[in-house]
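Structure first, commentary second.
The values are calculated or read from the model by the stated rules, or taken from the named source; none is laboratory data. Note that the structure is predicted; figures quoted are calculated from it, not measured. Cβ sites come from the backbone with ideal geometry, for glycine too, and all protein chains shown count toward neighbours.
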Amino acid sequence: MPRAALFDMDRTLVRRETASLYVRYQREIGEASLVDLARVTFWVAQYTFGVIDAEAVARRAVATLAGTKESDLEARCNAWFPRYVVPHVADAGRHAVLHHKHRGDVVAIVTGATAYVARPLARLLGIDHVVASELQRDDRGVFTGVPESPLCYGAGKIVRAQRLADALGFDLEESVFYSDSYTDLPLLEYVAEPVVVNPDPRLRREARRRGWRIERW
């Protein structure tokens, strides 16, 4: 049975939060205001301290995509990624991905963001699988403005990662998972090898208490 290495994206493989990087891109192309930037900055701060209402924030953020074609969002993310994200990709993260690929492990990004944000990073790093939050689309490929349940967040990451495990035939409980966030505690507790990367304050305390490996990327 293959072993899997799962990587969170924001503040793990990427040293910044991709949501704030994306809204800065939207500001540049005239799709977002300073109020939008401030709102996302506030959400990121709530996420950092583990006090965010993820479901409510996701509903509000995804509602803004109602009527947008999936192909348009994919094109925007592909245009945004090279300039706004690539400079923040962690070299240590690249090396960790290569290490697991050389070992023959299944490698996947497991992120609360959408696949449209994560796929360019997966292509850059040679990662074949992305587990992400999903958005409802109609039969024309247009977003309805509603997220699919469960979000790839908290315990929802276990649900969505298990679907990948079932499809590829690896044991999720025997996997390694790299993450920075206390909100990922459910999956960190679930896997055999939790690795804490650039941890937020609450996760740092928890990792020290449990004796988990802590790395700085």
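Looking at region 65-74, is at least one residue within 20 Å of S179 (Cα to Cα) and either modelled with pLDDT under 90 or surrounded by 14 or more Cβ atoms within 10 Å (Cβ to Cβ) (or both)? Don't jump to the end; show me each part of the working.
If we filter region 65-74 for residues that are within 20 Å of S179 (Cα to Cα), which is where we start, we get none.
No, every residue in region 65-74 fails to be within 20 Å of S179 (Cα to Cα) and either modelled with pLDDT under 90 or surrounded by 14 or more Cβ atoms within 10 Å (Cβ to Cβ) (or both).
Filter region 138-171 for residues that are more than 13 Å from L6 (Cα to Cα) and either of a type in the set (S, T, N, Q) or touching a Cys at 6+ places or on another chain (Cβ under 9 Å) (or both) and give the result.
Passing the criteria: T144, S149, V159.
Which ones in region 189-206 are under 20 Å from L172 (Cα atoms) and either of a type in the set (F, W, Y) or surrounded by 18 or more Cβ atoms within 10 Å (Cβ to Cβ) (or both)?
As a first pass, look at region 189-206 and keep what is under 20 Å from L172 (Cα atoms): 189-197.
Residues satisfying the conditions are Y190, V191, P194, V195, V196, V197.
Step by step: first the residues of region 136-156, then only those that are of a type in the set (S, T, N, Q) and either surrounded by 16 or more Cβ atoms within 10 Å (Cβ to Cβ) or part of a strand (DSSP E or B) (or both), then the one that is nearest to the chain's Cα centre (by Cα). Which residue is that?
From region 136-156, those of a type in the set (S, T, N, Q) are 136, 144, 149; that's our starting set.
Filter once more, so that each one left must be either surrounded by 16 or more Cβ atoms within 10 Å (Cβ to Cβ) or part of a strand (DSSP E or B) (or both): 136, 144.
Values: Q136: 18, T144: 22 Å.
Looking at the filtered set, the residue picked out is Q136.
Considering each of L124, L135 in turn, give the residue that is among the aliphatic types (A, V, I, L, M), farther than 22 Å from R3 by Cβ and touching an Asp or Glu at 6+ places or on another chain (Cβ under 9 Å). Give the derivation first.
Working: L124 fails: touching an Asp or Glu at 6+ places or on another chain (Cβ under 9 Å).
Testing whether each residue is among the aliphatic types (A, V, I, L, M), farther than 22 Å from R3 by Cβ and touching an Asp or Glu at 6+ places or on another chain (Cβ under 9 Å) leaves just L135.
Yes/no per residue for (1) part of a helix (DSSP H, G or I); (2) touching a Cys at 6+ places or on another chain (Cβ under 8 Å); (3) modelled with pLDDT of 75 or more; (4) not basic (K, R):
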position: L6; (1), (2), (3), (4): no, no, yes, yes
position: S20; (1), (2), (3), (4): yes, no, yes, yes
position: R24; (1), (2), (3), (4): yes, no, yes, no
position: R27; (1), (2), (3), (4): yes, no, yes, no
position: E31; (1), (2), (3), (4): no, no, no, yes
position: A61; (1), (2), (3), (4): yes, no, yes, yes
position: W80; (1), (2), (3), (4): yes, no, yes, yes
position: R94; (1), (2), (3), (4): yes, no, yes, no
position: V107; (1), (2), (3), (4): no, no, yes, yes
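Do you know which of the residues in region 114-128 that are out of contact with any helix residue (DSSP H, G or I) (no Cβ under 6 Å at 6 or more places or on another chain) and not charged (D, E, K, R) is surrounded by the fewest Cβ atoms within 10 Å (Cβ to Cβ)? Quick ask: steps written out before the conclusion?
Of region 114-128, the ones out of contact with any helix residue (DSSP H, G or I) (no Cβ under 6 Å at 6 or more places or on another chain) are 114-115, 118-119, 121-124, 126-128.
Subset that is not charged (D, E, K, R): 114-115, 118, 121-122, 124, 126-127.
Numbers: T114: 23, A115: 18, A118: 29, L121: 24, A122: 22, L124: 16, G126: 11, I127: 21.
Looking at the filtered set, the residue picked out is G126.
Pull up region 202-217, narrow it to residues that are of a type in the set (K, R) and under 20 Å from the mean Cα position of the chain (by Cα), then point me to the one that is farthest from G93 (Cα to Cα). It would help to see each step written out before you state the result.
The initial filter retains those residues of region 202-217 that are of a type in the set (K, R), namely 202, 204-205, 208-210, 213, 216.
This time we only want the ones that are under 20 Å from the mean Cα position of the chain (by Cα), so: 202, 204, 216.
Details: R202: 22, R204: 19, R216: 10 Å.
So the residue we want is R202.
If R160 meets every condition in (1) at pLDDT 95 or above; (2) in a loop (DSSP other than H, G, I, E, B); (3) of a type outside the set (D, E) apart from one, which number is that one?
The one condition R160 does not meet is (2).
For region 104-131, how many residues meet the condition of being under 22 Å from V195 (Cα atoms) and without any contact (Cβ under 8 Å) to a residue 24 or more places away in the chain?
Number of matching residues: 3.
Could you list, ordered by first residue, the pairs with Cβ atoms under 8 Å in which the first is in region 171-183 and among the acidic types (D, E) and the second is assigned to a helix (DSSP H, G or I), at least 6 apart or interchain?
What qualifies is D171/A165; E173/Y190; D180/L203.
Please pick out the residue among P186, P199 that is over 23 Å from P2 (Cβ atoms), more than 12 Å from the chain's Cα centre (by Cα) and either assigned to a helix (DSSP H, G or I) or at pLDDT 95 or above (or both). Write out each step before concluding.
Numbers: P186 fails: over 23 Å from P2 (Cβ atoms).
Going through P186, P199 in turn, just one is over 23 Å from P2 (Cβ atoms), more than 12 Å from the chain's Cα centre (by Cα) and either assigned to a helix (DSSP H, G or I) or at pLDDT 95 or above (or both): P199.
Considering each of S181, S175 in turn, give the residue that is surrounded by 14 or more Cβ atoms within 10 Å (Cβ to Cβ), at pLDDT below 95 and either under 20 Å from the mean Cα position of the chain (by Cα) or within 17 Å of V131 (Cβ to Cβ) (or both). If you could, list the steps in order and put the result at the bottom.
Values: S175 fails: at pLDDT below 95.
S181 is the lone residue from the list that is surrounded by 14 or more Cβ atoms within 10 Å (Cβ to Cβ), at pLDDT below 95 and either under 20 Å from the mean Cα position of the chain (by Cα) or within 17 Å of V131 (Cβ to Cβ) (or both).
With the structure loaded, tell me whether V159 is of a type outside the set (G, A, S), surrounded by fewer than 21 Cβ atoms within 10 Å (Cβ to Cβ) and touching a Leu at 6+ places or on another chain (Cβ under 8 Å) or whether it fails that test.
Numbers: of a type outside the set (G, A, S): yes; surrounded by fewer than 21 Cβ atoms within 10 Å (Cβ to Cβ): yes; touching a Leu at 6+ places or on another chain (Cβ under 8 Å): no.
Criteria not met by V159.
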